[in-house]
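This report concerns only the one structure given below.
The values are calculated or read from the model by the stated rules, or taken from the named source; none is laboratory data. These numbers were taken from a predicted model, which means no experiment stands behind them. As a convention, Cβ positions derive from the backbone with ideal geometry for all residues, glycine included, and neighbour counts pool all protein chains shown. Just the protein is used for accessible areas: all its heavy atoms, side chains included, with ligands, DNA and RNA removed. Shrake-Rupley method; radii C 1.70, N 1.55, O 1.52, S 1.80 Å.
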Amino acid sequence: QVQLVESGGGLVQAGGSLRLSCAASGSISSMNTMDWYRQAPGKQRELVATITGGGRRNYAASVKGRFTISRDNAKNTVALQMNSLKPEDTGVYYCRAYRRGIDYWGQGTQVTVSS
């Protein structure tokens, strides 16, 4: 069982930056992927960014070029650097770890971008 705790959310003006962090209670080195999702009010949860165990990254089209996902297996953390934030980036951001059909979720951290 792996527990994930997100941090780093907050209120920021459009054009600003935030760095989210996800700390795992156990090793993430065996996880196939580590992901960041977000859920805006009244909308479905959507995948924002993924990083595989081999370091391959994928991003949603809406954040490509602005967000960067990274993982540190030694520290069991995953980060999401968010730059040039827009009001439409507002939502609760969740960290997810996936391995062999089992996924683990954090409780989420709120990101609010004001115009």
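Entry remark, the stretch 91-115: residues being in contact (Cβ under 8 Å) with a residue 12 or more places away in the chain, among the small types (G, A, S), in a loop (DSSP other than H, G, I, E, B) and over 14 Å from Q39 (Cα atoms) number 1 in total. Quick check on the stretch 70-82. Is at least one of its residues charged (D, E, K, R), open to solvent by less than 60 Å² (accessible area, probe 1.4 Å) and not in a strand (DSSP E or B)? Within the stretch 70-82 (the criterion being charged (D, E, K, R), open to solvent by less than 60 Å² (accessible area, probe 1.4 Å) and not in a strand (DSSP E or B)), the answer is no, since none of the residues qualifies. Count of the stretch 53-64 residues, restricted to those that are at pLDDT 95 or above and either open to solvent by less than 80 Å² (accessible area, probe 1.4 Å) or under 15 Å from E88 (Cα atoms) (or both), is 6. Residues in the stretch 30-62 that are polar (S, T, N, Q) and touching a strand residue (DSSP E or B) at 6+ places or on another chain (Cβ under 9 Å): S30, N32, T33, Q39, T50, T52, N58, S62. Among all positions in the stretch 50-69, there is no residue which is charged (D, E, K, R), under 14 Å from V111 (Cβ atoms) and touching a residue at least 24 places away in the same chain (Cβ under 8 Å).
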